[in-house]
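> A single structure is presented below for examination.
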Amino acid sequence: MSLDFAYQILYTAALIVLAVLIGIMLVRAIIGPRITDRILSINMLGTMVICSIAILSQMLKESYLVDVALIYAMLSFVAVLILATAYLPANPEEPVSPDAEHEKDSNARGVRNRRDGDGRRNR
């Protein structure tokens, strides 16, 4: 068994593993359940496709495929940024603090809360 044949087996095995993982991530991108899962799986899909192109570049001894992989990496990065800014909220709801719950209960009972100029509470 020559060294070139061993490399061919290694590259082929890596491409098969990446193809299976790409299929799994494609299913994950479709079924979700949340938008963050979909965005993350799209990002992982892009990364695995870039790895596949790089492996093919070595396997076929075609150096131009490395340039294709770099361009695809830039496009994938921009696509994930656009998806994240379009679908993820800029200011998610802030967690409720115990003071906010107390103020809500006081307002429900008719007690009025007000603050001094220095931020302390007066009733």
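The values are calculated or read from the model by the stated rules, or taken from the named source; none is laboratory data. Quick caveat, the model's predicted, so the values are computed rather than measured. Neighbour counts are summed over all protein chains in view; Cβ atoms, including those assigned to glycine, are modelled from backbone coordinates with ideal geometry.
> Condition check: hydroxyl-bearing (Ser, Thr, Tyr), out of contact with any Asp or Glu (no Cβ under 7 Å at 6 or more places or on another chain), on the phi < 0 side of the Ramachandran plot and in contact (Cβ under 8 Å) with a residue 40 or more places away in the chain. Does Tyr72 satisfy that?
Numbers: hydroxyl-bearing (Ser, Thr, Tyr): yes; out of contact with any Asp or Glu (no Cβ under 7 Å at 6 or more places or on another chain): yes; on the phi < 0 side of the Ramachandran plot: yes; in contact (Cβ under 8 Å) with a residue 40 or more places away in the chain: no.
So Tyr72 does not fit the description; no.
> Inside segment 27-49, can you point out the residues that are of a type outside the set (S, T, N, Q) and under 16 Å from Leu81 (Cβ atoms)? Full working, then the answer.
If we filter segment 27-49 for residues that are of a type outside the set (S, T, N, Q), which is where we start, we get 27-35, 37-40, 42, 44-46, 48-49.
Hits for segment 27-49 are Ile35, Arg38, Ile39, Leu40, Ile42, Met44, Leu45, Gly46.
> A further question follows. Tell me yes or no: at least one residue of segment 96-115 is at pLDDT 70 or above and more than 30 Å from Tyr7 (Cα to Cα). Outline the logic, then answer.
So the first thing to find is which residues in segment 96-115 are at pLDDT 70 or above, and the list is none.
There is no residue in segment 96-115 that is at pLDDT 70 or above and more than 30 Å from Tyr7 (Cα to Cα).
> Okay, next question. Can you find, within segment 56-78, the residue that is nearest to Tyr7 (Cα to Cα) among those that are surrounded by 15 or more Cβ atoms within 10 Å (Cβ to Cβ) and of a type in the set (Gly, Ala, Ser)?
My answer is Ser57.
> Shifting gears a bit: Just to be sure I understand the filter: pairs with C-beta atoms under 7 Å, separated by 6 or more residues or on different chains, first member in segment 1-19 and of a type in the set (Phe, Trp, Tyr), second member loosely packed, with under 12 Cβ neighbours inside 10 Å. Which pairs pass?
From segment 1-19, no pairs qualify.
> State which residue is surrounded by the fewest Cβ atoms within 10 Å (Cβ to Cβ) when the search covers only segment 2-46 and only residues that are under 25 Å from Met74 (Cβ atoms) and polar (S, T, N, Q).
Once the filter is applied, the top-ranked residue is Thr36.
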